[in-house]
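Comments concern the structure below.
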Amino acid sequence: MVNMYTLSPKRAGELLETFGQVRALEVLERMYLIRAFEEKAEELYGLGKTHGTMHLSIGQEASAMGASLAVRSGYDYLLNHHRGHGHCIAWGGEVQLMMAEFMGKEAGYCRGRGGSMHIADVSRNNLGANGIVGGGVLMATGVGLGIKLRGTDQVCLGIFGDGAANTGPFHEALNMASIWDLPVIYLCENNQYAMSMAVPRAFNIPYISLRSVAYGIPGVTVDGNDFLAVFDVITAAAQHARDGQGPTLVESLTYRWRGHSKSDRQLYRTREEVKEWQAKDPITLFAGRLAQAGWLTDAQQETIRQNAYKTIEEAVAFADACPEPDLATIMEGVYAD
Ligand SMILES: Cc1ncc(C[n+]2csc(CCOP(=O)(O)OP(=O)(O)O)c2C)c(N)n1
Ligand SMILES: [Mg+2]
C-alpha cells in the first residue's frame, strides 16, 4: 500500500514530451520566480518592510510546482500552510498582489490584513494558509466534503508539513476523508524539521506516508526536489480522487534551506547538512533535465533567472507605491454580517 516512488529516465522523458518545451520552460521560470520572491522577502524583512514573521520555502520549489500543475488551479482547491509563498506563486498567484500583501498594503490579496502567512487568492480557489499547525489539514477535509456534496469532479490539494503530521487533527482529517472517500490529496512536505525538531526524532517510522496504512488509503513517498516526480505522483492521486476512490497521502521529501522563521539560530543542524541538500537544488535538477533534452542553453537559463529577479523588483516597486490600509477600515472583515 505504501511505496517509495522512483521516476525512471524513460518516464521522465515521456513526461517532458507531454509538457513540451514551451510549457517546460514556463515551469522553470516560475520556479525561479518563487526563489526570487523568497530572497526578496528575506531582504525586505531585514529592512523592516513587512510586519510579523515569515517562513521561507527556498529549496522546496519543485514540490509546490509539481503539485500545483498536476491539478487544475482555479477549478480545484488549494489549502496550504504557513510556508506558503511558493504554493501561491505555483498556483498562479500574481506576484505584485502577493508583494503588496506581504508589505501590508491595501492592494494586497487580503487587503494587507494577512501579511506573509495569509496570502490567500480566493479568486483562484487558493483558500490560503492557516497559522494553526494541522488546521489546514482539517479544512482540506471540509473542502473535500463540500466537493462531494456538490457532486463536482473537483479535488482539494491540502499541503502541510511533517510537524502537522504529528498532530491530532491529522488523524481526524485523514480518517474522516477515508471513510467518506473524499476527493483530497494530502501532501506532506517533509522538509526534515518542524522548527528545531528533526523528523527522525519525531517519528519512529521510515516514511511518514506509512501512516496511510492506518487509514486504509494509498500512501506514496516521492523525491520532493524533483518536479517531474512530484507531478507524476500528484497526477495519479488526483485521478484516484476524481474516480471517487478517495484520498491519498503523499509525502514529498525536501529541505528548507533557511531557518524556520527569522528568529531561528539553527543550532540543531550542521552547515554540512545544509550544503548536502543544496547540492540537490530542485531548480538545478529541472534545468539539467531541460538542458539534456536540448531545450535549454546556459545563456537561456541565465536570462530566465535574471527576468525572474526583474519581475520581483517590479513587484516591489508596485507594492511600495501602494497606500497602507485606511485606519477607519480596520474592523472590516473581522466579524461576519
Ligand atoms: C497548533 C500549533 N502548535 C504549534 C505552533 C507553532 N509552530 C508554528 S510552525 C511549527 C512547526 C511546523 O513544522 P512543519 O509542520 O514541519 O512545517 P514547516 O515549518 O517545516 O514547513 C510550529 C510548532 C502553531 N503555530 N500551531
Ligand atoms: Mg517541516
Query - trypsin sites (Lys or Arg not before Pro) within the stretch 269-334, DSSP loop, no more than 15 other Cβ atoms inside 10 Å - result: 269
Query - Gaussian network model of the chain, springs between alpha carbon atoms under 10 Å - residue of 75, 309, 268 with greatest fluctuation - result: 268
Requested in this report: Towards the positive end of the charge dipole of the chain, with charges on Cβ (+1 Lys, Arg; -1 Asp, Glu), say which of 330, 151, 190 has the farthest Cα.
Outcome: 190
Report summary line: Projected onto their principal axes, the Cα atoms of the chain stretch, largest extent first, over whole-Å spans of 55, 52, 43
Query raised in the report: When the solvent-accessible surface of protein heavy atoms is calculated with a 1.4 angstrom probe, in what order do 7, 149 fall, highest first?
Result: 149, 7
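Indicate the gyration tensor shape class of the stretch 143-228 (rounded, prolate or oblate), computed on the Cα atoms with a ≥ b ≥ c the square roots of the eigenvalues: a/c under 1.5 is rounded; otherwise a/b larger than b/c is prolate and the rest oblate.
prolate
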**Report entry** In Hz, Karplus ³J(HN,Hα) per residue of the stretch 56-61 (6.51, -1.76, 1.60; θ = phi - 60°; x = Gly, Pro)
**Finding:** 9, 10, 4, x, 10, 5
Report summary line: The ³J(HN,Hα) series, computed from each phi in the stretch 175-191 with the Karplus coefficients 6.51, -1.76 and 1.60 at θ = phi - 60°, rounded to the nearest Hz and given as x for glycine or proline, is 5, 5, 4, 5, 5, 9, 6, 6, x, 10, 10, 8, 10, 8, 7, 7, 9
Report summary line: Proximal lysine pairs in the chain, meaning Cα under 26 Å and 8 or more positions apart or interchain, come to 16
Report summary line: SASA check, residue 330, accessible area w/ 1.4 Å probe, all protein chains in place, rounded to nearest 10 Å², comes out at 100 Å²
Requested in this report: Go through 255, 207 and list them by solvent-accessible area, largest first, probe radius 1.4 Å.
Outcome: 207, 255
**Report entry** Spacing of the two label points (7 Å from each Cα toward its C-beta) at residue 317 and residue 39, in nm
**Finding:** 1.9 nm
Query raised in the report: Given the Cα-Cα distance of residue 332 and residue 152 and 0.36 nm per residue of separation, how much length would full extension add, in nm?
Result: 61.5 nm
Report task. Pairs of Cα atoms under 8 Å, at least six residues apart: use those to get the relative contact order of the stretch 85-235, whole percent. Result -> 14 percent
Query raised in the report: What list of ³J(HN,Hα) values in whole Hz, one per residue of the stretch 287-304 in order, does the Karplus curve 6.51 cos²θ - 1.76 cosθ + 1.60 (θ = phi - 60°) give from phi, with Gly and Pro shown as x?
Result: 4, x, 4, 5, 5, 5, 7, x, 9, 8, 9, 4, 5, 5, 4, 5, 5, 4
Query raised in the report: the stretch 253-283 to the stretch 183-241: how many Å between their Cα centroids?
Result: 19 Å
Query raised in the report: Once you sort the root eigenvalues of the Cα gyration tensor of the stretch 187-337 as a ≥ b ≥ c, which label holds: rounded (a/c under 1.5), prolate (a/b larger than b/c) or oblate (the other case)?
Result: rounded
Query raised in the report: Which value, in Å³ per residue, describes the convex hull spanned by the Cα atoms of the stretch 1-150?
Result: 144 Å³
Report summary line: Applying the gyration tensor rule to the Cα atoms of the stretch 106-186 (axes a ≥ b ≥ c; rounded if a/c under 1.5, else prolate if a/b exceeds b/c, else oblate), the class is oblate
Report task. Please give the length that would be gained between residue 122 and residue 264 if that part of the chain were fully extended, namely 0.36 nm times their separation in residues minus their C-alpha to C-alpha distance (nm, one decimal). Result -> 48.0 nm
**Report entry** Highest-fluctuation residue, 253, 16, 28 considered, GNM on the chain with Cα pairs under 10 Å
**Finding:** 16
Requested in this report: Considering only protein heavy atoms, with the full assembly of protein chains and a 1.4 angstrom probe, order 257, 180 by accessible area, largest first.
Outcome: 180, 257
Requested in this report: Would you mind telling me the share, in percent, of accessible area of the chain contributed by carbon and sulfur at probe 1.4 angstrom?
Outcome: 55 percent
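The values are calculated or read from the model by the stated rules, or taken from the named source; none is laboratory data. Quick caveat: nothing in here was measured; it's all calculated off a predicted structure. Neighbour counts run over all protein chains shown; Cβ positions are idealised from the backbone, glycine included. With ligands, DNA and RNA removed, areas are computed over all heavy atoms of the protein, side chains included. Shrake-Rupley method; radii C 1.70, N 1.55, O 1.52, S 1.80 Å.
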